[in-house]
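Data block below; observations after.
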Amino acid sequence: MKEKKFVVNEDTLIGELITNKPQAIELLFKAGLHCIGCSMSQMESIKQGCIVHGISKKEIKKLIEEINKIK
């Protein structure tokens with residue numbers, strides 16, 4: 001049976017991302033999101049975290065594209 005791919009968008013919770021694609025942690029760190037151990041990561045979306053850390057909409061889109069390239 002084929003496994004369903006976890007697709008990320010700007011509304012994906014950071015905690016959900018980390019659980020489903022732990023390989024994305026490095027990309028989050030490079031983008032300036034060090035939310036991995038933060039309690040807010042369970043309630044905050046990628047977009048919300050990026051906005052709080054001053055990351056532009058263009059950079060958010062690029063980050064999400066890079067995350068979705070991860071197998």
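Couple of notes before you dig in:
- Computed [θ] at 222 nm, deg cm²/dmol, the chain (DSSP H ≥ 4; -39,500 (n - 2.57); rounded to nearest 500): -13000 deg cm²/dmol
- Angle between the chain longest axis and helix 57-69 axis [Cα atoms, degrees, rounded to 10]: 20
- Each label point was placed 7 Å from the Cα along the Cα-to-Cβ direction; for VAL52 and MET40 their separation is 0.2 nm.
- Each Cα pair of the chain feeds into the Kirkwood radius, which the Stokes-Einstein equation turns, at 10 °C and 1.306 mPa s, into a diffusion coefficient of 132 µm²/s.
Laboratory data are not the source of any read-out in this text; all were calculated from the coordinates shown. The shown structure was predicted, so the numbers you read here are calculated from the model rather than taken from an experiment. When we count neighbours, we look across all protein chains shown, and the Cβ atoms used for this are built from the backbone with ideal geometry, even at glycine.
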